[in-house]
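This report concerns only the one structure given below.
The values are calculated or read from the model by the stated rules, or taken from the named source; none is laboratory data. From a predicted model like this one, the values you see are computed outputs, not experimental measurements. The protein model used for the area step is the full one, side chains on, heavy atoms only, and it has no ligands, DNA or RNA in it. Shrake-Rupley method; radii C 1.70, N 1.55, O 1.52, S 1.80 Å.
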Amino acid sequence: MAWIAPWYHTIEVEDFRYMVPQDASFKIFIKRQGGDTAWEEVFLLKPDYDASAVYEYHIETRPDGAGIYHPGNLYVFYYGTDAGDTPSLKVVY
């Protein structure tokens, strides 16, 4: 996967809505290249911003999206500055 800029570092997974059954619960994990290669859980984007969050995700549900977002796609946000790697994502359901 590759980070998308400029607003914040984001990973986009197109057509995510077709990858996981709609009624399934799931968790999303990210593994970065380099130093620590452990899988780290990514949490659902909260409306009340959590300043301690490093990674968050949302799935665009609005039919027309919003700005850069596309319906049914998964977006993983990273709030750090060192996004020069190509991380891996894992979905468990």
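Below, the figures for the structure above:
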read-out: Gyration tensor verdict on segment 1-51 (Cα atoms; rounded if a/c is under 1.5, prolate if a/b is larger than b/c, oblate otherwise); value: rounded
read-out: Surface per residue (accessible, 1.4 Å probe) for segment 10-93, Å²; value: 63 Å²
read-out: Carbon plus sulfur fraction of accessible area for the chain, probe 1.4 Å, in percent; value: 55 percent
read-out: Kirkwood Rh and Cα Rg combined as Rg over Rh, evaluated for segment 5-84; value: 0.96
read-out: Which of Ser25, Ser88 is most accessible, then next, and so on - probe 1.4 Å; value: Ser25, Ser88
